[in-house]
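Working notes, structure below.
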Amino acid sequence: MTELKWRKVLCPIDFSEESRAALRVAVDLAHRFEADLVLLHADLPESVFKGAAAPEGQLAEWKTQAEAMGAKRVQTVHVREPPGKSIVEGASRGGADLIVMGTHGRTGRHHALLGSTAEEVVRQSRIPVLTVHADWP
């Protein structure tokens with residue numbers, strides 16, 4: 001059996017509780033495998049952050065938290081493109097071996113209206129995708 005050698009873990013974040021749960025898992029895996037951790041935030045070009053910190057500032061805070069949790073090498077990336085496409089392309093371009101991402105677990109009308117970025121990534125990615133729900137301990 002071939003040994004898994006995850007050297008780079010991509011963790012897409014949208015600053016939600018689901019992303020925070022995924023970050024905990026991504027940091028743990030990066031620590032165990034001595035892998036690099038890449039935090040990627042994607043938003044649409046027309047996104048406006050009213051009353052919230054700019055994404056770069058929030059990314060810097062999340063990087064600090066990841067390092068405090070034990071990640072040794074953390075990079076941040078902010079792109080202004082649709083999230084699903086950005087995550088898959090970012091993983092491919094960046095040489096990621098694994099994507100660890102949160103899922104909101106929306107169903108029914110909410111899923112139909114908002115879609116599912118996690119579902120899109122799972123369908124399109126050629127590397128493993130691990131999804132984490134916020135309720136996971």
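Every read-out reported here was derived from the displayed coordinates using simple, explicitly stated rules and does not represent laboratory data. Here the structure is a predicted model, which is why all the values come from computation and not from measurement. All Cβ positions, even for glycine, are placed from backbone atoms using ideal geometry, and neighbour counts span all protein chains on display.
Students often check this: by mean Cβ neighbours within 10 Å, which of 83-96, 62-75 ranks highest, and how do the rest follow? Spell out each step's value before the answer.
Values: 83-96: 18.9, 62-75: 15.9.
Those peptides, ordered most packed to least, come out 83-96, 62-75.
Excluding residues fewer than 8 places away in the same chain, name every one of the aspartates and glutamates whose C-alpha is closer than 19 Å to that of LYS5.
ASP28, GLU34, ASP36, ASP97
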